[in-house]
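Enquirer: Structure below; questions to follow.
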Amino acid sequence: MALTDSFQGLLERTVAPLAHRLSSNNVLQGLTQGFMATMPVTLGIALVSIISGLPIPPLQEFLTSTGLGAIITNALAVTMNMQALYIGAAVAYSYSRIRSMKGMTPVVLTIATMLIMIPLNTQEITPGYPSTFIPQSYLGSNGIFIALVLGIVVPAILDVLLKHVSIKLPDSVPEFVSRSLSPTFAAIILLTGAVLVAWGISLTPFGNIYDLVSQSIAAPIMGIGASPIAYAVVVSFAQFVWFFGVHPSSIISAYMVILMPVTMQNIEAYAAGQAMPALMLSVMLAMQNADSLAIGICCALTKSERFKPLGRLAIVPSVFNITEPLMFGVPLVMNPMFFIPFVLAKPLICGITALGCMAGLGDGLNPMISLPFALPQFISTFLQGGTGMLAIDLVCIAVMVLLFWPFFRMADKEALAEEATASSAE
């Protein structure tokens, strides 16, 4: 206990002041408040997402036969799979309020700019009647970083333009009409600039700004190879850029192309009764979400009104590997307070898994078993590798709790102090 308190005190003396100074920055405040504003969407759809992913045949048959499954798929497509749209709008709203801007113009122009940057697809479903589509991938995980950037940049540019380029209407014009028309010139400049930027990037091999970001980050990954060390480097890098708003899916999905042949070699060796050539790598893949439940546990153990209700609501989704409510609700992404545990989590999981495999705990892996993402990891690891892999998973979860808890405790203590100050001021 003394060692724990000493470490906690060290964090509060060193990390907390720096994190507080950074989090006081207007841009980071806009990002944080924007993230938190999207929490009703991620938490609101979490139960539906969990139900749709449960591997229970009667349930899946019911969802299919009643047509409810198709409706759930559509609901997930326009909520969880279009997070960039919600995040961009929420960040723009929050940041514009911090800059004392009025009205919804910053939000509307941010959404317009995001959509201008997306290359549209045209397809003739009905002969003679071409239809235009917005590729959903750019409004999902691949678009979050661009949404964050535009959610800050568009209101900032608009604020500057409104101070120098605006229409002054007579006092007789109603206020709501004046608010709508006064930013017209500024909007013309801003959206014209967005069109020119989109055109310029379209002349490059990337084609659009979304692919420019995702491919530029994923490109170095393609030559790193397939080994436990390479995998640890990739997931650690993905976690690092995720802290800054670049969703790791673009990196991991690109790297999976390299891992697939190795995974197939393990399956072929297992079927032939031979030793698997990349056993440790496959076990690491199975442990990749060990931090999800740990983060939910830490948040649920807090005492402040800021974190405790969120923890209670998000603990169940985190059991089923749905971490968006915590990522954007705490938030963990772009929150200086949680930078250290956030970037250390994946390397530690890989290291613990490697030690477990060296001890023979991963030898029971059956690479032929494929389980749905929404299945709790401690169940999936047991089904894939028996008690040995379950032991590795439980150790990973315990270590993740120990890693994140001091930082949650520090953030919770700060939140409690703010709440006490607010109560005394009333």
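Enquirer: Might you let me know whether segment 385-398 holds any residue that is out of contact with any helix residue (DSSP H, G or I) (no Cβ under 9 Å at 6 or more places or on another chain), of a type outside the set (Lys, Arg) and part of a helix (DSSP H, G or I)? Before you say what the answer is, go through the steps one by one.
Expert: Pass one, segment 385-398, residues out of contact with any helix residue (DSSP H, G or I) (no Cβ under 9 Å at 6 or more places or on another chain): 386-387.
From what is left, the residues that are of a type outside the set (Lys, Arg) are 386-387.
Still in the running and part of a helix (DSSP H, G or I): 386-387.
Yes, the conditions are met somewhere in segment 385-398.
Enquirer: Enumerate the pairs (first residue in segment 243-270 and farther than 23 Å from residue 216 by Cβ and crowded, with 18+ Cβ neighbours inside 10 Å; second residue anywhere and modelled with pLDDT under 75 and among the small types (Gly, Ala, Ser)) with beta-carbon separation below 8 Å, excluding pairs fewer than 6 apart on the same chain, so at least 6 apart or on different chains.
Expert: Qualifying pairs under 8 Å: 262/226.
Enquirer: So in segment 114-163, with the set limited to residues that are charged (D, E, K, R) and in a helix (DSSP H, G or I), which one is nearest to the chain's Cα centre (by Cα)?
Expert: Within segment 114-163, the first condition is being charged (D, E, K, R), and the residues that meet it are 124, 159, 163.
Those left that are additionally in a helix (DSSP H, G or I): 159, 163.
Values: 159: 28, 163: 35 Å.
So the residue we want is 159.
Enquirer: Now for a separate question. Taking only segment 324-377 into account, find how many residues are at negative phi, surrounded by fewer than 19 Cβ atoms within 10 Å (Cβ to Cβ) and outside any helix (DSSP H, G or I).
Expert: Looking only at that region, the number is 13.
Enquirer: Could you grab me the full set of residues in segment 135-163 that are modelled with pLDDT of 85 or more and among the β-branched types (Val, Ile, Thr)?
Expert: Hits for segment 135-163 are 146, 149, 152, 153, 154, 157, 160.
Enquirer: Give me a count of the residues in segment 257-278 that are under 14 Å from residue 228 (Cβ atoms) and not in a helix (DSSP H, G or I).
Expert: Of the residues in segment 257-278, the ones under 14 Å from residue 228 (Cβ atoms) are 258-259, 262-263, 266, 276-278.
Still in the list and also not in a helix (DSSP H, G or I): 276-278.
The qualifying residues number 3.
Enquirer: When the residues of segment 46-95 are filtered to those that are surrounded by fewer than 16 Cβ atoms within 10 Å (Cβ to Cβ) and among the hydroxyl-bearing types (Ser, Thr, Tyr), which remaining residue is farthest from residue 106 (Cα to Cα)?
Expert: For segment 46-95, the residue satisfying everything is 65.
Enquirer: Go through segment 42-95 and give me each residue that's of a type in the set (Ser, Thr, Tyr) and touching a Pro at 6+ places or on another chain (Cβ under 6 Å).
Expert: Narrowing segment 42-95 to residues of a type in the set (Ser, Thr, Tyr): 42, 49, 52, 64-66, 73, 79, 86, 93-95.
Correct list: 42, 95.
Enquirer: Taking residue 413 as meeting all but one of (1) touching a residue at least 40 places away in the same chain (Cβ under 8 Å); (2) surrounded by fewer than 18 Cβ atoms within 10 Å (Cβ to Cβ); (3) in a loop (DSSP other than H, G, I, E, B), write down the number of the exception.
Expert: With (1) touching a residue at least 40 places away in the same chain (Cβ under 8 Å); (2) surrounded by fewer than 18 Cβ atoms within 10 Å (Cβ to Cβ); (3) in a loop (DSSP other than H, G, I, E, B) applied to residue 413, the lone miss is (3).
Enquirer: Follow-up question, since we're still on this one. Give all pairs with beta carbons closer than 8 Å in which a residue from segment 30-51 that is under 15 Å from residue 87 (Cβ atoms) meets a residue that is among the charged types (D, E, K, R); count only pairs at least 6 apart in sequence or on separate chains.
Expert: That search, which allows pairs on different chains as well, returns 42/324.
Enquirer: Being closer than 17 Å to residue 154 by Cα and part of a loop (DSSP other than H, G, I, E, B) is the filter; apply it to segment 164-203 and report the residue that is modelled with the lowest pLDDT.
Expert: Filtering first and then ranking leaves 166.
Enquirer: Can residue 360 be described as closer than 22 Å to residue 402 by Cβ, of a type outside the set (D, E, K, R) and in contact (Cβ under 8 Å) with a residue 12 or more places away in the chain? Don't jump to the end; show me each part of the working.
Expert: Details: closer than 22 Å to residue 402 by Cβ: no; of a type outside the set (D, E, K, R): yes; in contact (Cβ under 8 Å) with a residue 12 or more places away in the chain: yes.
When the stated conditions are applied, residue 360 does not pass them.
The values are calculated or read from the model by the stated rules, or taken from the named source; none is laboratory data. Please read all numbers here as calculations on a predicted model, not as lab measurements. Cβ sites come from the backbone with ideal geometry, for glycine too, and all protein chains shown count toward neighbours.
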